[in-house]
Amino acid sequence: MPDIRIRNLTMEYSSGGYAVRPFDQFDLDLKTGDLALLLGASGCGKTTLLSMLASILTPTSGSIQVGDTEVTALKGADLSRYRRETVGVVFQAFNLIPSLTAKENLYVAMRNAGVGRAPAKKRAEELLEMVGLEHRMDHRPGKLSGGQQQRVSIARALALDPPLIVADEPTASLDYMQVDGVIRLLRELAAPGRVVVIATHDERLLPLADRVVELTPHRAEESRPPERVELAPGQTLFRQGDEGIMVYEVDSGRIDIIQEMADGTEQPLAVVEPGNYFGELAPMFGLRRSATARAAADLPTVVTGYTLRDFRARRSLSTDG
Amino acid sequence: MWLVTARDLQFRARRFIIAIAVTSLVFGIALAIDGMRRSVQHEIPAIVANFDADQWVTARGASGPFTTTRVIDAATADAVSDSPGVHEADAVVLSRTVSGSGDPADANLVGHVVGGLGAPPISEGHAARTSGEAVVSPGITVDVGDDLQVGGETFRVVGKTAGGRYYFGIPTVFVPLEDAQDIVFHGQDLAMGVAVKGHLDTPPPDMRVLDNSQVESDLRRPLAGGVQSLVVTAVLMWLIAAGIIGLIVYLSALERLRDFAVFKATGAPTRIIVGGLMLQSVIVSVLAAALAIPVSKLVGFGLPFPSKLGVQGLVQMLAIAVVVGLLASLAGVRNALTTDPAAAFGGN
């Protein structure tokens, strides 16, 4: 079974006309048998990473290797074969075909992959027994609870015994009564010969994980001395999409705040003069930088960076004073 | 592919049943119209064959015995019949008239030599044997033994024939030649032409010889516009049917976008996704076409003349239904092809 090796992964796409870069030179290694949790706030790129692992999205640059397969290079029939045979996907919304029974959902997935009728039928029954749905095989999804649908979805992901399972928020659509069975099932899947990658907000899954990958930058609450930064004219302080730890005040010169557009152009948002601050939202809410900060092109600029705690204390003093 | 297609048809059964019912009505109308066209096209060789002639003699410059306004002396038939290679030759009068008294209707008038070429095969009663007797085709609602007004003269209906309609299903009255000459030529011994059994090498002076195919072609010419209208109407009906099926399949495809995304995300070959949609569309179309057969029979009752379907018509309709189904699936197929597999991710 393949280990997974991600190197220099950059993903950039357009959202509302703006360039969004959830991954910038991202690296990750996962070993066979790992159950990895991708944690992070909404929009941090969890589903994007799953989609890239499943070869549904192609990264802007970088490499994803699953065993000997360079996933980013797959095309045409090889791409379909990879999706079919190497990856099993568990969707947040289950995504069972509503017109098919539980058993038929599995059967069709296998038939689409060229499995014969009798073996496909037998395997579908075995998998549904494995997930505890032997009595609900002939029910359509509409007649199953959310937890049961998710178990069917997991069984479908296992239909072709793929070495990589990716699960997108598998517990998000379930109530607390239904979560237990799904969590246990996901844990059991991560066995030697298989890697399970789960994108989730659900911290109940944390004890299951062999690896936890935080995709949201940590808030910089630690103590850290103020950081004086001297910038040459036109020099970039931080780029849109970077992790954001510090809040900056302009000591001298001028900072241009610029939004990078999807078409490669730049749109000026604001000019920050001495005595004013910028860049507070990213550390405050654990977000990536939503714009680029660059020293004015015509004069050298000096800024000082503060941790969020120091920045708050400083503003409080300043207000009190 | 079969299973997903069949199950989706079951799952959305009510919608597809409505689509099949509406489409079958459109198909049925199209089928009836196309049957009319077949009937019209079939009646031409049928009426020509009724004369059991091999050749026809008309005036030089005449377009043909059915359409000409240039008449000949009926006695020409005697000269022709004496010609070498000719077994039989009879003058014929072919004209339009009206029949009935209270509410007269258009009718074709065929005047033929009693017992000669042009006397129709009898399905009920007997052939006209003397002046004042008539045989009628379907479309004239009289019984054998009734009197019938034809061109102002009264005839006794002595027989019926199973065919004989022409000029877009207009019924025909077959009367002795002399009676037809009375109606059309005030008793002058004239005729539109001479039906010839055998082979005439040289036509009489100022006359021409036509074979059956030339006569059929001449008879078909005035009908061409009408036939073309039927063809266009039928094609429009097929297109409307394609539109109805296309709309239903398109709407279903819209509802199934996430299914397609899941199929793609899980590596199902595109041919299976596209093939399933096409198959669904073709099944709906073929079922509608099958239901259209009885519908066309019902529609046929309201038509002024018979609608002829036949085995060829059924095969042709099946082929058209398949083409209509495939065309109708195109919009849905386009949706399926352009669905982004990434759409499978995310919540409801």
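Restricting attention to segment B:15-41, the residues that are within 12 Å of B:Pro306 (Cβ to Cβ) and either among the hydrophobic types (A, V, I, L, M, F, W, C) or modelled with pLDDT of 90 or more (or both) add up to 3. Residues in segment A:111-130 that are at pLDDT below 90 and either part of a loop (DSSP other than H, G, I, E, B) or within 8 Å of another protein chain (Cβ to nearest Cβ) (or both): 3 in all. Only residues that are in contact with a Ser or Thr (Cβ under 8 Å, 6 or more places away or on another chain) and of a type in the set (D, E, K, R) were counted across segment B:129-150, and they come to 1. Within segment B:308-331, does at least one residue satisfy the condition of being in contact with a strand residue (DSSP E or B) (Cβ under 9 Å, 6 or more places away or on another chain) and more than 14 Å from chain A (Cβ to nearest Cβ)? Checked against the condition, which is being in contact with a strand residue (DSSP E or B) (Cβ under 9 Å, 6 or more places away or on another chain) and more than 14 Å from chain A (Cβ to nearest Cβ), segment B:308-331 yields no hits at all. Within segment B:143-172, which residues are among the small types (Gly, Ala, Ser) and surrounded by fewer than 17 Cβ atoms within 10 Å (Cβ to Cβ)? Of everything in segment B:143-172, those that are among the small types (Gly, Ala, Ser) and surrounded by fewer than 17 Cβ atoms within 10 Å (Cβ to Cβ) turn out to be B:Gly145, B:Gly152, B:Ala162.
Here is a yes/no grid of residues against (1) within 14 Å of chain A (Cβ to nearest Cβ); (2) of a type in the set (Val, Ile, Thr); (3) within 16 Å of B:Val286 (Cβ to Cβ); (4) free of Cβ contacts under 8 Å to residues at least 40 places away in the same chain:
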{"residue": "B:Met1", "(1), (2), (3), (4)": "yes, no, no, no"}
{"residue": "B:Val4", "(1), (2), (3), (4)": "yes, yes, no, no"}
{"residue": "B:Leu9", "(1), (2), (3), (4)": "yes, no, yes, no"}
{"residue": "B:Arg14", "(1), (2), (3), (4)": "yes, no, no, yes"}
{"residue": "B:Ser24", "(1), (2), (3), (4)": "no, no, yes, no"}
{"residue": "B:Arg37", "(1), (2), (3), (4)": "no, no, no, no"}
{"residue": "B:Val40", "(1), (2), (3), (4)": "no, yes, no, no"}
{"residue": "B:Asp52", "(1), (2), (3), (4)": "no, no, no, no"}
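Looking at A:Gly33, is it touching a Pro at 6+ places or on another chain (Cβ under 6 Å) and away from every other protein chain (no Cβ under 14 Å)? For A:Gly33, the condition - touching a Pro at 6+ places or on another chain (Cβ under 6 Å) and away from every other protein chain (no Cβ under 14 Å) - is met.
Being in contact with a Lys or Arg (Cβ under 9 Å, 6 or more places away or on another chain) and either of a type in the set (A, V, I, L, M, F, W, C) or within 17 Å of A:Gly181 (Cα to Cα) (or both) is a property that holds for A:Ala120. Among the residues of segment A:151-188, which ones are hydroxyl-bearing (Ser, Thr, Tyr), out of contact with any strand residue (DSSP E or B) (no Cβ under 6 Å at 6 or more places or on another chain) and buried (at least 24 other Cβ atoms within 10 Å of the Cβ)? Correct list: A:Thr171 only. Against the test of being within 25 Å of the chain's Cα centre (by Cα) and without any contact (Cβ under 8 Å) to a residue 60 or more places away in the chain, the options B:Gly310, B:Gly302, B:Gly267 yield a single qualifying residue, B:Gly302. How about segment A:1-86: which strands (runs of 3 or more DSSP E) wholly inside it have at least 2 residues that are out of contact with any Gly (no Cβ under 8 Å at 6 or more places or on another chain), at pLDDT 90 or above and hydroxyl-bearing (Ser, Thr, Tyr)? Ranges flagged: A:61-66. Listed by first and then second residue, the pairs with beta-carbon distance under 6 Å, at least 6 apart or on different chains, first residue in segment A:230-250 and under 16 Å from A:Glu266 (Cα atoms), second in a loop (DSSP other than H, G, I, E, B), are A:Gly234/A:Ala297; A:Phe238/A:Arg289; A:Gln240/A:Arg289; A:Gln240/A:Ala291. The residues of segment A:12-44 that are surrounded by 15 or more Cβ atoms within 10 Å (Cβ to Cβ) and over 24 Å from A:Leu205 (Cβ atoms), listed by number, are A:Glu12, A:Tyr18, A:Ala19, A:Val20, A:Arg21, A:Asp24. Considering B:Ile47, B:Ile33, the condition of being part of a helix (DSSP H, G or I) and in contact with a Phe, Trp or Tyr (Cβ under 7 Å, 6 or more places away or on another chain) is satisfied by B:Ile47 alone. With (1) under 22 Å from A:Gly45 (Cβ atoms); (2) in a helix (DSSP H, G or I) as the list, and A:Phe311 as the residue in question, which single condition is left unmet? That leaves (1) as the condition not met.
Taken together, the residues in segment A:49-86 that are more than 8 Å from every other protein chain (Cβ to nearest Cβ), in contact (Cβ under 8 Å) with a residue 24 or more places away in the chain and surrounded by 20 or more Cβ atoms within 10 Å (Cβ to Cβ) amount to 8.
For residues in segment A:87-105 being more than 7 Å from every other protein chain (Cβ to nearest Cβ) and in a helix (DSSP H, G or I), which is surrounded by the fewest Cβ atoms within 10 Å (Cβ to Cβ)? The selected residue is A:Lys103. From the list A:Thr60, A:Thr48, A:Thr72, the lone residue that is within 15 Å of B:Pro341 (Cβ to Cβ) and under 23 Å from the mean Cα position of the chain (by Cα) is A:Thr48.
Can you give me the number of residues within segment B:77-120 that are part of a strand (DSSP E or B) and at positive phi? Step through it out loud before you land on a result.
The first filter runs over segment B:77-120 and keeps only residues part of a strand (DSSP E or B), leaving B:86-99, B:105-112.
So of that shortlist, the ones also at positive phi come out as none.
Summing the residues that are part of a strand (DSSP E or B) and at positive phi in segment B:77-120 gives 0.
Can you report the number of residues in segment A:1-11 which are buried (at least 20 other Cβ atoms within 10 Å of the Cβ) and within 19 Å of A:Gly67 (Cβ to Cβ)?
Here is the first cut: in segment A:1-11, the ones buried (at least 20 other Cβ atoms within 10 Å of the Cβ) are A:4, A:6, A:9, A:11.
Remaining after also requiring within 19 Å of A:Gly67 (Cβ to Cβ): A:4, A:6, A:9.
The number of residues fulfilling the criteria is 3.
One residue stands out among those in segment B:208-227 that are aliphatic (A, V, I, L, M) and either in the same structural domain as B:Gly164 (by TED's automatic domain parsing) or out of contact with any Gly (no Cβ under 9 Å at 6 or more places or on another chain) (or both): the one that is modelled with the highest pLDDT, which is B:Val209. Counting only strands (runs of 3 or more DSSP E) that fall entirely inside segment B:156-255 and contain at least 1 residues that are of a type in the set (D, E, K, R), the qualifying elements are B:193-198, B:207-211.
If the condition is being outside any helix (DSSP H, G or I) and over 28 Å from A:Gly88 (Cβ atoms), then segment B:256-284 contributes no residue at all. Residue-level analysis places A:Val108 outside the set of residues that are within 14 Å of chain B (Cβ to nearest Cβ) and outside any helix (DSSP H, G or I).
The values are calculated or read from the model by the stated rules, or taken from the named source; none is laboratory data. What you see is a predicted model, and the numbers here were worked out from it, not measured in a lab. Please note: Cβ atoms are built from the backbone with ideal geometry, for glycine as well, and neighbour counts cover all protein chains shown.
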